[in-house]
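> Provided herewith is a single structure, encoded as structure tokens, for subsequent inquiry.
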Amino acid sequence: MAATAISHLLPHIHRNGSLKSSSSPKDEKPRKGEDEEHFCTRRREEEKRMLADWEAGRRPLEPAEIAVDPSRKIVGHSSKHLRCEDFQLLKTLGTGTFARVWLARLANPKQEDDSKVFALKILRKVDVIRLKQVEHVRNERNVLAAVAGHPFITTMVASFQDRDSLYMLLDYCPGGEVFSYLRRARRFNEETSQFYAAEIVLILEFLHESQGVAYRDLKPENILIDGDGHLKLVDFGFAKKVDNQETYTLCGTPEYLAPEVIRNTGHGRAVDWWAFGILVYEFLVGQPPFWDQNPMKIYEQIVEGRIRYPSAMSQNARDIIGRLCTVDVSKRLGQIQGGSKTVKAHPWFSRINWDDLYHRRMKGPIIPHLRGPADTRNFDDYDPEPEGREPYTGQMFNKYDRSFEDF
């Protein structure tokens, strides 16, 4: 069964990341004798060229490269020149209450750029405001900017806006959701589970220890498979920079909620390690350990924290799941002294070469069958956008638009 989100969830669809320069796209000023109109046109064309070049030469970045200020990066920057009309919208990849994700390519591409595609997420400002999602959208954009270039996190290449909408240009991940592969296979074997779990460990290690970010919505539906069979974590709508502090917002998916979220006693990054344990169990068994038609029954099971393991599950798998899904946060693997290193050192991961994995030298266990980089066979079809939607009025612009300045 697909998990049902407690709060608003958006499907995002994306792909692989890299930097090509440390110079800022927004540092440059008009050349001598160049008027503002010519400057904007030139910068717009230069940015489109950079996008095409980036897509052609992606590579995983080292953590120190990712940590560069987003305003100094070619990926993750806020563009003051790009416009929606710079892209040809090919097909809807996913929809939410206030967003739609499109497969897109540069408008009027050169022949060599015809197969270079992106995922363009369009968020209508009026809907973001009406649904009180301004803070979540800002958090998502800022976190994605900060982590742009990580090998297993969707890369936000650029963000921009116009009067009515916000845009996030992301890498396209053509393999679709891990959830779909898991349902077709019923369960993953131990080797596949270890490989994908290890990539998630590297994601959480970076988010927690380099960025101080709690992801807060880990589940198979938010993990995509790229064309090379590696994972990409998407949907950062609930991600929040918390450092060592606690937050109280109730968000996530019932089967994956940590006990401290349900009790509303304050939670931090440790919720991701609990959810990771649930995910490992679902990889190996085919369903989460806590389940009931009634969400309240699920919460009761989670707070009790008693997991039943199939007899065929290995002892090392049982041990790592049990140590991750520990109700006492102070004893939870990943949260105890040593952080992510304690997870990486667990015997269940003894066959993983972490450096080779980070640099994608290991072949992914599931390679999607694709006709080309723009193949959308792993995504559903969606109805066209409804007409006659609420306008973004001048009054709303004056009251709220400053909240979107960093787009």
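> Conditions first: (1) at pLDDT 85 or above; (2) surrounded by fewer than 16 Cβ atoms within 10 Å (Cβ to Cβ); (3) hydrophobic (A, V, I, L, M, F, W, C). Ala56 passes all but one, so which condition is the exception?
(1)
> For Thr326, all conditions in the list (1) at pLDDT 95 or above; (2) loosely packed, with under 14 Cβ neighbours inside 10 Å hold save one; what is the number of the exception?
Among (1) at pLDDT 95 or above; (2) loosely packed, with under 14 Cβ neighbours inside 10 Å, the lone unmet condition for Thr326 is (2).
> Another question about this same structure. Tell me, yes or no, whether segment 270-283 has at least one residue that is surrounded by fewer than 19 Cβ atoms within 10 Å (Cβ to Cβ) and not hydrophobic (A, V, I, L, M, F, W, C). Even if it seems obvious, please write down each step before you answer.
So in segment 270-283, the residues surrounded by fewer than 19 Cβ atoms within 10 Å (Cβ to Cβ) come out as none.
Scanning segment 270-283 turns up no residue that is surrounded by fewer than 19 Cβ atoms within 10 Å (Cβ to Cβ) and not hydrophobic (A, V, I, L, M, F, W, C).
> Among Leu231, Leu170, which is surrounded by 24 or more Cβ atoms within 10 Å (Cβ to Cβ), under 29 Å from Ile129 (Cβ atoms), under 12 Å from the mean Cα position of the chain (by Cα) and in contact (Cβ under 8 Å) with a residue 60 or more places away in the chain? Walk me through it before giving the result.
Working: Leu231 fails: under 29 Å from Ile129 (Cβ atoms).
Only one candidate qualifies: Leu170.
> Scan (1) surrounded by fewer than 24 Cβ atoms within 10 Å (Cβ to Cβ); (2) closer than 30 Å to Asp53 by Cβ for the single condition Arg183 breaks and write down its number.
(2)
> Could you run through segment 67-100 and say how many residues are without any contact (Cβ under 8 Å) to a residue 24 or more places away in the chain and in a loop (DSSP other than H, G, I, E, B)? Don't jump to the end; show me each part of the working.
Keep residues of segment 67-100 that are without any contact (Cβ under 8 Å) to a residue 24 or more places away in the chain, which gives 69, 85, 88.
Next cut, in a loop (DSSP other than H, G, I, E, B) only: 69.
Matching residues across segment 67-100 total 1.
> While we're looking at this one, here's another question. Only residues that are among the β-branched types (Val, Ile, Thr) and over 26 Å from the mean Cα position of the chain (by Cα): list them for segment 299-326, please. Before the answer, list the steps.
Start the filter on segment 299-326 by keeping residues that are among the β-branched types (Val, Ile, Thr), which leaves 302-303, 307, 320-321, 326.
Passing the criteria: Val303, Ile307.
> Identify the residue in segment 120-138 that is touching a Gly at 6+ places or on another chain (Cβ under 8 Å) and part of a helix (DSSP H, G or I) and, among all such residues, is surrounded by the most Cβ atoms within 10 Å (Cβ to Cβ). Step through it out loud before you land on a result.
Keep residues of segment 120-138 that are touching a Gly at 6+ places or on another chain (Cβ under 8 Å), which gives 133, 136-137.
Restricting the remaining residues to those that are part of a helix (DSSP H, G or I) gives 136-137.
On the way: His136: 21, Val137: 24.
My answer is Val137.
> Let me ask another. Provide a single number: the residues in segment 69-84 that are among the charged types (D, E, K, R) and within 15 Å of Arg43 (Cα to Cα). So that I can check it myself, show each step before the final result.
Within segment 69-84, the subset among the charged types (D, E, K, R) is 69, 72-73, 80, 83.
Next, from what is left, pick out any that are within 15 Å of Arg43 (Cα to Cα): 80, 83.
The qualifying residues number 2.
> Same structure, new question: Would you pick out the residues in segment 286-336 that are of a type in the set (S, T, N, Q) and more than 24 Å from Arg263 (Cα to Cα)? Don't jump to the end; show me each part of the working.
Of the residues in segment 286-336, the ones of a type in the set (S, T, N, Q) are 287, 293-294, 301, 311, 314-316, 326, 330, 335.
Listed by number, the residues that qualify are Ser311, Ser314, Gln315, Asn316.
> Could you please let me know if Glu255 is under 23 Å from the mean Cα position of the chain (by Cα), charged (D, E, K, R) and either part of a helix (DSSP H, G or I) or surrounded by fewer than 20 Cβ atoms within 10 Å (Cβ to Cβ) (or both)?
On the way: under 23 Å from the mean Cα position of the chain (by Cα): yes; charged (D, E, K, R): yes; either part of a helix (DSSP H, G or I) or surrounded by fewer than 20 Cβ atoms within 10 Å (Cβ to Cβ) (or both): yes.
Considered against the rule, which asks whether it is under 23 Å from the mean Cα position of the chain (by Cα), charged (D, E, K, R) and either part of a helix (DSSP H, G or I) or surrounded by fewer than 20 Cβ atoms within 10 Å (Cβ to Cβ) (or both), Glu255 comes out as yes.
> Just one of Ile320, Ile352 is in a helix (DSSP H, G or I), under 23 Å from Phe188 (Cβ atoms), in the same structural domain as Asp228 (by TED's automatic domain parsing) and not hydroxyl-bearing (Ser, Thr, Tyr); which is it? Full working, then the answer.
Details: Ile352 fails: in a helix (DSSP H, G or I).
So the residue among Ile320, Ile352 that is in a helix (DSSP H, G or I), under 23 Å from Phe188 (Cβ atoms), in the same structural domain as Asp228 (by TED's automatic domain parsing) and not hydroxyl-bearing (Ser, Thr, Tyr) is Ile320.
The values are calculated or read from the model by the stated rules, or taken from the named source; none is laboratory data. What you are looking at is a predicted structure, and each value in this text was computed from that prediction instead of being measured. Please note: Cβ atoms are built from the backbone with ideal geometry, for glycine as well, and neighbour counts cover all protein chains shown.
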